[in-house]
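Participant: Below are the structure tokens for one structure; questions will follow.
The values are calculated or read from the model by the stated rules, or taken from the named source; none is laboratory data. Source: prediction; values computed, not measured. Note that we place each Cβ from the backbone using ideal geometry, even for glycine, and neighbour counts take in every protein chain shown. In case anyone asks, the SASA skips ligands and DNA or RNA and just uses the protein heavy atoms, side chains included. Shrake-Rupley method; radii C 1.70, N 1.55, O 1.52, S 1.80 Å.
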Amino acid sequence: MDFLEEAKRIEPEIIKTRRTLHQRPELAYHEVETAKLVAEKLESYGISVKRGVGGTGVLGTLKGAKPGRVVALRADMDGLPVQEKSDVEFRSKADGVMHACGHDTHVAMLLGAARILAENKSQVSGTVKFMFQPAEENGGRGGALPMIEDGVMKDPKVDYVFGLHISSTRKSGEVGLREGAMMAAPDTFKVRVVGRGGHGSAPHQTIDPVYVAAHVILALQGVSSRMINPVRPFVISVGSVHSGTKENIIPDVAMLEGTIRTMDEGTRKLAKKKVEQVAKGVCKTFGATAEVEFEQDAYPVTVNDPKATQKAARVLKKIPGVRIKTNEPVLGGEDFSRFLQKAPGTFYFLGTANPAKGCVHPNHSSRFKVDEDVLKLGSASLALLAFEFGNPKGPS
Ligand SMILES: [Zn+2]
Ligand SMILES: [Zn+2]
């Protein structure tokens, strides 16, 4: 079977679906119309559908004609709170909401793969599960966890799981693969610096939380430079600082919010401990107190199974036009990581950078633009992975 030829045959539909979704993006947990479109398309391909999985998620299940393994493919469905400024004619019609991360393309590509596999069911071994998940952008519980709690990885148990992300940092047609840790655990933290307010002219009568918070911000960078093994990736950024109401009032409290990114669970645990220790220690030095809080349920590190990734590389190489590249680790987070905790598989990047078409702006930019020529490669790659890994003899 030539999966690229199959994808080319249905390319107009893939692009049409993508543009429809692009015009009506929906924010995390509100992917109602998107889910409806997904469910109806899957049913029209003869795939059995379960709606309302983990909220607005949709699960399609296709049984191949031959016995084999269970392979799950995933697309995320949510848009971002961004006002679109791209120059495409199918610009978002939802005010202040945009598919700025390309999740519209993920849905369209996975629907394309579903159609290809459904139309060639007689040649498919095993079972393919199509998982359309809500709220990838949300962090915390996200959308993968609620779907897993709703049983998507069980009955039948998933043997392999694959997902892709469209990437503005790779050239069109490049596929970025990495064995092992690929994306970071994004841990959000809050530090509440509690001092004692008073008059700006008499700081000696107060414990100034603004002054102390400034020290905390500086000292936290010492966690990365002095306390974490430098060969382990680690980033700490304080992105939000709030305190005070007027120039001559020393407030009672200052609030800091930040994120830390790590690539292994050991460093992650240590980093969280050190952040708390430094924040509390600095506050104590100046007579203030720190309340440190980490987001519960933060996404884990995205760890690709090395063997499955090697096999996937051999499989994807067969698609004409696909160029396999080794991906550097990325310190962004992904809740595809949760599926990879349940089954081996791989998460890969599909490049869409194409300066000739103006596809140069990064994911999450208001001008983010996708080279639609790569969508067929995405559909072909997902379908081919399910086809090859579903075969009980496995990919050669
Ligand atoms: Zn994103
Ligand atoms: Zn994304």
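Participant: So which lysines can residue 311 reach, going by Cα to Cα under 18 Å and dropping same-chain residues fewer than 8 places off?
Facilitator: Straight-distance partners of residue 311: 325, 393.
Participant: Okay, next question. Would you mind calculating the gained length between residue 199 and residue 51 on full extension (0.36 nm times residue separation, minus the Cα-Cα distance), in nm to one decimal?
Facilitator: Full-extension gain reported as 47.4 nm.
Participant: Also, quick follow-up: Mind listing the phi-derived Karplus ³J(HN,Hα) values for the range 115-125, rounded to whole Hz, using 6.51, -1.76 and 1.60 with θ = phi - 60°, and x for any glycine or proline?
Facilitator: Per-residue couplings from phi come out as 5, 4, 5, 5, 6, 10, 3, 4, 9, 8, 9 Hz.
Participant: If you place +1 on the Cβ of every Lys and Arg, -1 on the Cβ of every Asp and Glu, and leave all else neutral, what size is the dipole of the chain about its Cα centre, to the nearest 20 Debye?
Facilitator: Roughly 1060 debye, rounded to the nearest 20.
Participant: Next question, about the same structure. Just to verify a number: what accessible area does residue 236 come out at with the full protein assembly present, 1.4 Å probe, Å² rounded to tens?
Facilitator: 10 Å²
Participant: Still on this model: For residue 364, list long-range residues whose amide hydrogen, built 1.01 Å from N in the peptide plane, is under 5 Å from its own amide hydrogen.
Facilitator: So residue 364 has HN proximity to 101.
Participant: Moving on. Tell me the carbon and sulfur percent of the accessible area for the range 146-249, rounded to whole percent, probe radius 1.4 Å.
Facilitator: Carbon and sulfur together cover 53 percent of it.
Participant: Using 7 Å Cα-to-Cβ label points, what is the residue 214/residue 231 separation (nm, one decimal)?
Facilitator: 3.9 nm
Participant: Moving on. Per-residue HN-Hα couplings for the range 268-279, Karplus 6.51 cos²θ - 1.76 cosθ + 1.60 at θ = phi - 60°, whole Hz, x for Gly and Pro?
Facilitator: Once rounded to whole Hz, the list reads 4, 5, 4, 4, 5, 4, 5, 4, 5, 4, 5, 4.
Participant: Report in % the part of the accessible area of the range 54-110 that belongs to carbon and sulfur, leaving out ligands and nucleic acids; probe 1.4 Å.
Facilitator: Whole-percent figure for carbon plus sulfur exposure: 51.
Participant: Could you put 45, 348 in order of accessible surface area, largest first, with the 1.4 Å probe and the full protein assembly present?
Facilitator: The most accessible residue leads, giving 45, 348.
Participant: Kindly list the residues of the range 113-130 that lie in the label zone of residue 16, defined by a backbone N under 17 Å from the point 7 Å along the Cα-to-C-beta vector.
Facilitator: Within reach of a label on residue 16: 113-116.
Participant: Quick one: if you take sqrt(5λ) for each eigenvalue of the C-alpha gyration tensor of the chain, what semi-axes come out, biggest first, whole angstrom?
Facilitator: Semi-axes (√(5λ), whole Å): 43, 22, 19.
Participant: Next question, about the same structure. How much mean residue ellipticity at 222 nm does the chain get from its helices, if each DSSP H run of length 4 or more adds -39500 (n - 2.57) and you divide by all residues, to the nearest 500 deg cm²/dmol?
Facilitator: Value at 222 nm, helices only: -9500 deg cm²/dmol.
Participant: Keeping all protein chains in place, calculate the accessible area per residue for the chain (probe 1.4 angstrom), answer in Å².
Facilitator: 42 Å²
Participant: Here is a follow-up. Beyond a 18 Å Cα-Cα separation, which of these cross-linked pairs lie in this structure: 246/284; 318/376; 171/317?
Facilitator: From the list (246/284; 318/376; 171/317), the Cα-Cα distance tops 18 Å for 246/284.
Participant: Determine the share of the range 288-340's accessible area contributed by carbon and sulfur atoms, expressed in whole percent, with a 1.4 angstrom probe.
Facilitator: Ligands and nucleic acids excluded, carbon and sulfur give 49 percent.
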